[in-house]
Structures are given as structure tokens and as C-alpha cells.
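One structure below.
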Amino acid sequence: ETGYLADQSAYIHPERLPELVKLDSPALHIMTDFKNRPPVTTTQNVLAKAAIEQMRVAQVRALIVVNEDDRVIGMVSALDLQGAQASRVANSYGINIAELTVGMMMIPCDDLPTLNIKYLGSARVGHIAKLFHDLNVNYLIVVEDIGDEQVVRGIFSLTRLRRQLGENL
């Protein structure tokens, strides 16, 4: 049966989390959950310049790097692609910085720290802040066990943490 939309109808949207949090707020309030906001991905053969443009358009500061089978092989951030590291890597390959690819600059999976979502139910924002400090990283990957496979479920970003705390750490 068809009909007409009622004026001022409500609509379904992903859960809205608080814009500002405190150190004792639930950690999940600062996690980007890929069930609600799919990750922005790229491949390792994409030029760094194109990846930076992709981030700008998508309004993100990092991309998940996937292979031809759509499996995660690493991550790359705007900071990685635009910082002094980019010049060092280009020099090490003996190429112009414009020829750098995501694969040359990405952080491979085995260098990406993870947290399992099953342990985050009681975690607080302060716990995540301490992990960022202790591990000296800008991102923490959240994984979930589905069957016998580990799946990337989301991400914690130091930038988002700072923004939602309303301060610098």
C-alpha cells in the first residue's frame, strides 16, 4: 500500500554521540564505529597526492589501506603523507615526492596497535587518552572477533579525542 509522507516526519539516523566528553565518559563515545560510518579506504598504488585529496573530500585525516581482495593491509594519515617523513621516504626510493604512493608511506598492520571491542564496554575516555600517550600513536584500531576472524570494527583518533575533550592533551 502506498501513501504520502506526513509533514515533519522524523527519520532514522546513526546514534548521535555527545560532542563534548570528559575523561570519565564511556570510551565508545569517541570511537568512530564503522557500523555507523563506513571507513574511507584506498589502495597501496594510489599516489600520495591523490590520497590527500581523497581525505580532504571525505573530511577524514586517515585512510584504511586495502588490497585487491578488500582486506586491510595498513593505514595512512595526512600527517604521514605531508610531513618530513614523506621527503625522507622519497629520498630513500630516489624519487620525486610527487611519485610517492600510499604503499610507500602506509603503516602496515603489524605496526598498528589494536583494542578488542569486547573489552571496551567499561573503558573510559581517560583510558584511551593514556593509551595514546603510552604508545605514542595518533590512532588505535578497534577490532572485533567474528567467528574465528578478527575484523576491523572502528578507530580511535587522537584528533577526535582532543576535539571532543575541548582541549589539548
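Just so it is clear, none of the values below were taken in a lab; they were calculated from the coordinates. Here the structure is a predicted model, which is why all the values come from computation and not from measurement. We place every Cβ from the backbone using ideal geometry, glycine too, and count neighbours over all the protein chains shown.
Under the rule of -39500 (n - 2.57) per DSSP H run of 4 or more residues, summed and divided by the residues of the chain, what mean residue ellipticity at 222 nm is obtained, to the nearest 500 deg cm²/dmol?
On the way: 6 runs with 49 residues, N = 169.
Theoretical 222 nm ellipticity from helices: -8000 deg cm²/dmol.
Antiparallel as a % of all DSSP beta bridges within region 104-169, to the nearest 5? Roughly 75 percent of the DSSP beta bridges within region 104-169 come out antiparallel.
Could you check what % of the DSSP bridge pairs in the chain are antiparallel, to the nearest 5? The partial results should precede the final answer.
Values: 20 of 26 bridges.
Given both bridge residues lie in the chain, the antiparallel proportion sits at roughly 75 percent.
If packing is taken as the average count of other Cβ atoms within 10 Å, what order do 68-74, 98-104 fall into, highest mean first? Could you put the intermediate results ahead of the total?
Values: 68-74: 12.1, 98-104: 17.4.
Averaged packing, sorted descending, gives the order 98-104, 68-74.
At a Cα cut-off below 29 Å, give the lysines reachable from LYS130, other chains included and same-chain residues fewer than 8 away excluded. Here the lysines satisfying the reach criterion relative to LYS130 are LYS22, LYS35, LYS118. Structure remark: mean-square fluctuation, Gaussian network model of the chain, C-alpha springs under 10 Å; the largest value among GLY121, GLY94, GLY147 belongs to GLY147. For region 15-169, the relative contact order works out to 30 percent when only alpha carbon pairs closer than 8 Å and six or more residues apart are counted.
I need the shape label for region 25-155. Rule: rounded when a/c is under 1.5, else prolate if a/b > b/c, else oblate, with a, b, c from the alpha carbon gyration tensor. Note, shape of region 25-155 comes out prolate.
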